[in-house]
Structure formats: structure tokens, C-alpha cells
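Derivation of every value follows stated rules applied to the coordinates shown; laboratory data play no part. Model, not experiment: these values are computed from the prediction. Neighbour counts run over all protein chains shown; Cβ positions are idealised from the backbone, glycine included.
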Amino acid sequence: LDRGELIARSPDNTHSPIGGNPNLNEFLYSTHDGGGTTAVVIKGDSVISSGREGGARAWRLDVESKELVDLGALAKLKGKQVSAMSVDAEGRLWVGVYDGTFEGSVYRYDLLDPAPLSDQEPHIVKLPSGVLSMAVSDETSLVACGTTGGTVELISMDKAEQIDSWKVNAEGTKADTHIRSVEIFQAGKAADEEEGSNENWCVVAGGGNGSMRMRWLQTDGDTASVNAEEPFDNARLPLAIPPHSGMVVSLTGCRQNGLLVSGSQDGTLRVYDFCYDDAANEDESDVSNAGSDEVEFSSEFEAMQDEPPQVDIHPVILYQLAGYKIWLSSICVDEKGLRLVTDGADNTVVVHDFTGPVEPDSGEH
């Protein structure tokens with residue numbers, strides 16, 4: 001990104017641009033299918049990619065030769081429809097698989113294991129619906145999977161097992177849809193706050209119909225450690241975020257400042273500021289709709305406790321960047337929230353750079 005040049009590429013025809021499971025293609029792309037790979041992840045010089053032909057391949061990045069060296073197919077994934085991948089800080093590779101509308105799996109490999117990925121015996125977590133999207137959070141030790149069944153499934157990194165499920169929209173309603181994108185991030189963290197001082201971790205889900213929903217996680221004490229017995233915080237209302245007019249294909253949060261970026265097939269990117277507002281709890285008007293359809297969108301919240309939870313966050317859209325192709329695929333944001341990178345099927349990568357000019361005295365932006 002600094003030099004604006006391509007440093008390596010895989011051979012032509014590495015993955016098939018056609019074929020695959022038609023139901024999965026419909027869930028992932030609807031009518032806007034650009035024929036690209038289904039998932040790609042990079043960690044150090046390790047690159048893993050998957051295509052419509054099924055399975056996934058491992059590569060080693062060789063910068064000097066500008067090549068991706070083929071290390072072979074991942075074990076146990078032959079013929080499997082891979083839809084999402086991510087790598088955690090411990091070098092564990094998490095692979096989301098669509099086994100069908102009513103069945104999904106997450107395979108865990110180890111990039112640091114001396115054995116090649118083609119020979120490893122992965123740990124497998126079974127889920128009740130096909131996996132479409134994935135988010136990994138090292139701070140909370142959680143993996144979140146968005147599914148064809150309209151749920152977000154939480155997996156414990158440490159136990160490698162499913163620990164909770166969130167039905168994002170009420171079953172059987174017009175709002176019910178598959179979860180095309182998901183993110184775990186630290187909402188409302190100010191830039192000058194000490195590391196670990198903010199407990200406001202949440203899960204955001206982007207739907208196939210453009211909807212966006214947020215739900216708080218329940219953390220223990222002053223750390224990001226999530227309550228393993230009850231990960232979702234039932235004492236705080238989930239929140240409906242203003243929707244896109246097309247499928248939300250990507251969500252990514254900035255680790256330092258509580259910004260969230262969403263990308264949609266409507267051709268727009270949105271940058272949200274998730275500001276935590278304690279004062280909202282003191283204003284009765286902010287909770288006057290606590291029992292209304294506006295905030296009570298999930299059937300699991302129909303039976304409220306004696307006193308309704310408090311609404312304590314008000315995401316603000318800072319920017320809406322329009323004019324993208326409908327083939328928008330994925331979004332990346334650097335840790336400081338200064339560079340926003342997007343890609344799509346028109347073979348371009350767009351970089352929005354918010355660093356500003358360099359100060360001559362300090363050398364900083």
C-alpha cells in the first residue's frame with residue numbers, strides 16, 4: 001500500500017470463477033456474483049484461499065520472486081464449500097464451511113504447527129446452519145459466525161466449542177434474513193483511554209436484506225474477558241442500526257477508536273462512530289421505546305424482566321462514501337483508523353487515506 005505495487009500473485013486459474021454450490025452463491029452474492037474467490041486470509045508469509053471448486057489451498061508469500069508458492073490443499077476440506085476464514089494471534093486458522101442451509105462447520109488448524117496444513121487433523125465445531133461470515137477477536141477470545149439461519153453463533157477460542165447463539169431477527173418476519181457479515185469490536189473506545197479500560201464490546205451483524213443489528217457482550221471486571229456462561233448481555237437492549245438498501249457484504253471495526261465500517265451491494269461504504277453515552281441512561285426519553293418494535297426486534301427479548309434494559313449507545317454515521325461498484329467484496333481498516341481499503345470484482349483496490357500531511361518537525365501525520 002505504501003508503494004502502490006503488486007508484490008505477488010498466484011498462478012492463473014488457481015480457483016474456478018464459476019460453479020460451486022448455487023445456494024451458497026445466492027446467499028453470498030445474490031444476483032451480483034463477480035466470480036471471485038470465496039475467502040482469502042493472510043498472516044505473515046502464509047496465505048490461505050478458497051474457491052468455488054471446494055476446499056482451500058495454502059500458499060507461502062515469496063516477495064523476492066513475486067510469487068505465491070503452492071503448499072497444497074488443506075486436509076479434510078476436499079469438496080467442502082468454504083465461505084469464511086480468519087487467523088487469530090496464536091496462529092490458529094479458523095475456516096467456516098457451508099455444509100448446507102441447515103448445517104455448518106468451523107475447522108481449526110494451526111499455522112505454527114511444524115506439520116503442513118495438508119497433513120493436519122483439524123478440530124471441527126458443528127453448527128446448526130451453514131456458515132457465511134466470520135469474525136475473530138483475540139481480546140474477547142471469541143469467534144463469531146454469521147449463518148444461513150439468521151443467527152450469530154459464538155465459539156470459544158480456548159474451548160473450541162459453541163457457547164451461545166443469537167437469533168438476530170424475529171423468526172418468520174419480513175426482517176428475518178441470513179447473516180452475510182459479522183464483526184466483534186470495542187465500541188466507543190476513546191483514543192486516549194488505557195488499554196483494556198473499556199468494557200463495551202459488542203457484536204454487529206449485517207443481513208442479506210441490508211439490515212444491521214448490534215448486541216452487547218457481557219464482560220467480567222475491567223478486562224475484555226467475556227462471561228463464558230452468558231456471553232451476550234441480556235441487561236442491555238440490542239440495537240437496530242439504519243439499514244443499507246442492499247446486502248451488507250462486509251463489516252470491520254477499528255481497534256483503537258470505536259469506528260465501524262460497513263460495505264453494501266448498494267455501492268456505499270459507511271463509517272460509524274459508536275459513542276458510548278452514559279448520559280443517555282439519565283434521559284427517560286431514551287428508554288421510552290424500550291418495549292416497542294423499534295428496539296425489540298429479536299424474539300428472545302419478547303419476555304422482558306420487570307424493568308427494561310437501558311439504551312446507552314447512539315451510533316453516528318460520520319461518512320457515507322458512494323459510487324462503488326455493486327461488486328464490492330471486502331473492507332480492511334488499519335489499527336489507527338487512518339487507511340480504509342476496499343476491493344471488488346472490477347480488479348481494483350481502492351485506498352482512502354486519512355493520514356493527512358506529514359509534520360516536518362515531528363515526522364508524524
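Structural remarks
- Built amide H within the under 5 Å cut-off of residue 185, gap 5+: 202, 204
- One chain, two ends: residue 230 and residue 174. Fully extended at 0.36 nm per residue, the span grows by 17.3 nm beyond their Cα-Cα distance.
- Quarter of the Cα convex hull surface for the range 72-172, i.e. its orientation-mean projected area (nm²): 6.3 nm²
- Other-chain or far-sequence residues with amide H under 5 Å of residue 331's (modelled H): none
- Applying 1/(1 + (r/R0)^6) with r as the Cβ-Cβ distance of residue 322 and residue 61 and R0 = 51 angstrom yields a FRET efficiency of 0.90.
- Label-point separation in nm, residue 339 to residue 126, each point 7 Å along Cα→Cβ: 4.4 nm
- Backbone HN-Hα couplings from phi across the range 107-121 [Karplus 6.51/-1.76/1.60, Hz, Gly and Pro as x]: 9, 10, 10, 10, 5, 8, 5, x, 5, x, 4, 6, 10, 6, 9
- Relative packing of peptides 54-67, 111-124, 139-152 - highest average C-beta neighbours within 10 Å first: 139-152, 54-67, 111-124
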